[in-house]
Amino acid sequence: MAEKQGRAAAFFDVDGTLLTVQSGSLYLAYLRRNGLMDLSSQLRIYWSFLTYRLGMLNLRRLAEVSSRWLAGRLEEEVAAHCRDWYESEVSGYFCEAILSKVNEHREQGHVVALLTGGTRYLNDWIAADLGIEHILASRLEVKEGRFTGNPIGPLCYGRGKVAHAEEFAAAEGIDLGASWFYSDSIADLPMLERVGTPVAVNPDPRLRVEARRRGWPIIDGGTRVHIRQHAA
């Protein structure tokens, strides 16, 4: 695909990259502690996530199962508890090394964007705290202020991340060949291959092998910090 010339971007995955944890696990624990999800829904999502990790379930099916419990719930209520969850828990799990990379790219005048399979109900708060303007994320269907329980495709995952990034690049004049993408997961291989500088961050075993084979930069470690402590 032909790209407009002139601007480079740095795209950051969130779970396991910008954050030192998988936010989904934190979210389920938060919902359980606060009585916001019944046991049957919790067990169904845990089982779906396990079968997904074992390669027995695709992402769309996982997203359908994970978002089903939202059906009928008010969007504003979910947004409110996501804000509380972010401020009380997630904001303490940032990776200091990747926060530094965000700042380095900003100082160099690069466009900085989150590129995540999660939704904006968490990632809007992350972006706001980091001063990141652009968020490319998965979306959930809402009608008359309530969730239907259905995701809106394409999901921002795997090749879906490439689709989101290419649409963004076309709109913003970004040259993906001159851009960076930071990720921890082999699932992001299509997007890592799409940019000029792919960076593996605390990579999973398969991505580590691939990154070493291709000579891609690898960032290991990184101190867990609270975003507001880092800002201070």
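The table for this structure:
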item: Of residues in segment 171-196 being closer than 29 Å to Gly92 by Cβ and among the hydroxyl-bearing types (Ser, Thr, Tyr), the one surrounded by the fewest Cβ atoms within 10 Å (Cβ to Cβ); result: Ser185
item: Any hit, segment 173-182, residues being acidic (Asp, Glu), in contact (Cβ under 8 Å) with a residue 12 or more places away in the chain, closer than 27 Å to Leu70 by Cβ and assigned to a loop (DSSP other than H, G, I, E, B); result: no
item: Number of positions in segment 1-56 that are out of contact with any Lys or Arg (no Cβ under 9 Å at 6 or more places or on another chain), part of a helix (DSSP H, G or I), surrounded by fewer than 15 Cβ atoms within 10 Å (Cβ to Cβ) and at pLDDT 75 or above; result: 7
item: Flag for Val90 being touching a Ser or Thr at 6+ places or on another chain (Cβ under 8 Å), modelled with pLDDT of 95 or more and among the aliphatic types (A, V, I, L, M); result: yes
item: Filtered residues of segment 173-219 (kept if acidic (Asp, Glu) and either modelled with pLDDT of 95 or more or closer than 19 Å to Leu114 by Cβ (or both)); result: Asp175, Asp184, Asp188, Glu193, Glu210
item: Subset of segment 145-157 (residues that are in contact (Cβ under 8 Å) with a residue 12 or more places away in the chain, of a type outside the set (D, E, K, R) and surrounded by fewer than 19 Cβ atoms within 10 Å (Cβ to Cβ)); result: Gly145, Thr148, Gly149, Asn150, Ile152, Gly153
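Here's the yes/no breakdown for (1) part of a helix (DSSP H, G or I); (2) over 15 Å from Phe11 (Cα atoms):
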residue	(1), (2)
Lys101	yes, no
Arg106	yes, no
Gly118	no, no
Tyr121	yes, yes
Glu141	no, yes
Thr148	no, yes
Leu155	no, yes
Ala165	yes, no
Ala171	yes, yes
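The values are calculated or read from the model by the stated rules, or taken from the named source; none is laboratory data. Since the model is a prediction, treat every value here as computed from it, not as a measurement. Glycine also receives a Cβ, built like all others from the backbone with ideal geometry; neighbour counts cover every protein chain displayed.
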